[in-house]
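A quick write-up on the structure given underneath.
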Amino acid sequence: MRWLLLAALPLLATGCTAVHDPFLETGSIRPDAPPISTEVSPEFAAAYLPSISGRIESVRQTVRGEFFEQAIVYSNATASAGENVLTVRVGTPAEGVAFLRAPTRRAILAEMRQALPDVAMKINAAAGQNMHGVYGYATGPLGTSGSCLYAWQFAKRTAPPSETAMGRIGDGNYSAQVRLRFCHPTMPEERIAALMGGMRLKPVTRQTFDMLRYAGGSSVLRSQPVSVRAEPVAMIDDGAEPRHTPKRRVVEEKRVEEPAVIRNAVRVPLPGEAGQEKIKIAAAEKPVEKVGDRQTPRARSALVPLPETAALTAGD
């Protein structure tokens, strides 16, 4: 009996731990949340329509792994609800059966009823063709002169043609499913069907997925965060009145120029005045002698001593 109790203890211990714990059961499960749709610039659109359809209003895309979906929205001038949208889904056969073959008639009818519930659409028996292959379409009247178009196409290969086998492997094996829902208030059914004939798909390779992730802001190619140095912030009181500092006027003192006085200056005669001064001096030194009624200047005679007189003077 004792040995039976010892053998039953491990069984009792395992029974105590087998409690329902949702955290233990779901903690190791990887969450599979739906991808978030982002809006990108129209230049990243994977396809486009002829210019008669108008300009692209917006592009909404979803990218995950080797699959992406874009909703390329055009302007809608009609009063009917819904968007004029060109939907492009690109992926590999690993993403599902949709990338292996064209859609069935039943699937197209279900899509068309959901996209255009109030329009009597009629599938055209003759398929159309564009540069990506054949496509099917249906048209229906809208109002008195307008019409609606619903077209679909399966493009088996979206990569550009490569000359070598290695180039084809590097481009990837991508296929595309295209849908077009378009209504116009004045365009007839015969003319609106030509929109799908002018539809063009851009080449899709592995680099295209990197570009679309970068455009949507979810790629590793995004710029790295820049460290910003924290600077002190000056707090300003809204109730305080700003102090106005009067502007100072710069006044420059003007110096009064005083005339320069030169003392004991020597007067230098001009070239024409030099000869006149000599004549005046000579005339002043000559005495005036009266001869009759007129006065004649007489030169002053100089006393020249005789030799005898000079000797006597020397002896004295």
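Determine the relative contact order of the range 56-216: mean sequence separation of Cα pairs under 8 Å and six or more apart, normalised by residue count, in whole percent. Relative contact order for the range 56-216 comes out at 24 percent. Stokes-Einstein, applied to the Kirkwood radius of the range 56-216 over Cα pairs at a viscosity of 0.692 mPa s and 37 °C, places its translational diffusion at 196 µm² s⁻¹.
Here's how it looks for GLN153: its modeled amide H is under 5 Å from those of VAL178, which are all 5 or more places away or on a different chain.
We did not get these values from a lab; they are worked out from the coordinates using the rules stated. Remember, it's a predicted structure, so these values are computed and weren't measured experimentally.
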